[in-house]
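Take a look at the structure below.
The values are calculated or read from the model by the stated rules, or taken from the named source; none is laboratory data. Computed from a prediction, not measured in an experiment: that's the story for all the values here. Here Cβ is always computed from backbone atoms with ideal geometry, including for glycine, and neighbour counts include all displayed protein chains.
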Amino acid sequence: MTSPKPHTGRAIVVGTDGTPRGDAALRWALEVGAHAGDVVRAILVRPRDSLLPGTSFAIQPHGRVPEADYSLDDHIAGLSVDTTASVETRTVHGDPATELVTASADADLLVLGTHRGGALTDLVLGSVGRECVRFSRCPVVVITPEAAHRLLPA
């Protein structure tokens with residue numbers, strides 16, 4: 001985790017998971033949402049290892065979860081994003097919606113990408129985007145798959 005630096009602007013929290021849609025949310029936050037003096041707090045939420053303590057059963061609805069040696073700092077540097085904002089990174093374990101809402105409690109904006117899970121995924125697990133919009137205390141920008149396609153390099 002990079003150390004927090006004092007800032008004079010807004011605080012923007014962005015949830016990312018190493019997927020193209022997570023990258024689109026990062027790009028939007030850094031290139032469009034943030035300005036000089038703002039701080040962008042990029043957060044990777046690793047889901048709990050299991051649904052119940054002591055079990056090995058876990059559901060990962062949106063594909064891969066970055067490996068343990070994944071570096072969010074390196075990943076952001078690899079995106080080659082041009083920004084005037086300062087960037088902080090943090091990796092946490094827990095429920096993605098809960099962790100993002102908590103992290104954005106003192107933020108001015110929460111940005112996240114959305115996955116199009118099927119009806120079963122939404123019914124069984126709920127939607128991180130829906131929960132963030134419902135419970136966040138700050139405005140939420142949700143980057144849809146269509147918008148993500150436009151934000152990612154060709």
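Miscellaneous remarks
- Within segment 19-49, the set of residues being under 21 Å from ALA148 (Cβ atoms), small (Gly, Ala, Ser) and free of Cβ contacts under 8 Å to residues at least 60 places away in the same chain comprises ALA34, ALA42.
- Leading residue by the ranking (modelled with the lowest pLDDT) among those in segment 1-58 that are aliphatic (A, V, I, L, M) and within 16 Å of THR98 (Cβ to Cβ): LEU51
- In summary, strands (runs of 3 or more DSSP E) completely within segment 68-154 and bearing 3 or more residues that are modelled with pLDDT of 90 or more, of a type in the set (A, V, I, L, M) and in contact with a helix residue (DSSP H, G or I) (Cβ under 7 Å, 6 or more places away or on another chain) occur at 109-113.
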